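Encoded as structure tokens, the structure appears first; notes follow it.
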């Protein structure tokens, strides 16, 4: 379900709103989300130190900022291919 939601979000952002890029932020402990977004072609562009709980009991975590540029997204995939093709294209989601 997560893949379908991200796919829909990217279609709206790039298609309907004509945005040049999409940015998201993910905590370092959220491995499933990091793998999901990187599977769509998102790449890190910044890291921010955070705490998972209020001091003094909180431990350090990283908030990873990621972005996907339109020209590197699946929307620039060749028209003859479907989203389920086996082309080696950056950010081509496997739904």
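The values are calculated or read from the model by the stated rules, or taken from the named source; none is laboratory data. Remember, it's a predicted structure, so these values are computed and weren't measured experimentally. Cβ atoms come from the backbone with ideal geometry, glycine included; neighbour counts cover every protein chain shown.
Selection within the stretch 23-52: residues that are within 8 Å of the chain's Cα centre (by Cα) and either assigned to a strand (DSSP E or B) or on the phi > 0 side of the Ramachandran plot (or both). The member of this set that is surrounded by the most Cβ atoms within 10 Å (Cβ to Cβ) is 41. In the stretch 69-83 there is at least one residue matching the filter, namely being surrounded by 14 or more Cβ atoms within 10 Å (Cβ to Cβ) and modelled with pLDDT of 90 or more. Test residue 55 against the stated conditions and say whether it is at pLDDT 50 or above and either part of a loop (DSSP other than H, G, I, E, B) or over 21 Å from residue 6 (Cβ atoms) (or both). So residue 55 fits the description; yes.
Within the stretch 26-46, residues that are closer than 11 Å to residue 3 by Cα have Cβ atoms under 7 Å from residues that are surrounded by fewer than 17 Cβ atoms within 10 Å (Cβ to Cβ) and modelled with pLDDT of 95 or more in these pairs: 37/24, counting only partners at least 6 apart in sequence or on another chain.
Of all residues in the stretch 9-19, those satisfying the criterion of being more than 12 Å from the chain's Cα centre (by Cα) and either in contact (Cβ under 8 Å) with a residue 60 or more places away in the chain or surrounded by 10 or more Cβ atoms within 10 Å (Cβ to Cβ) (or both) are 11, 12, 13, 14, 15, 19.
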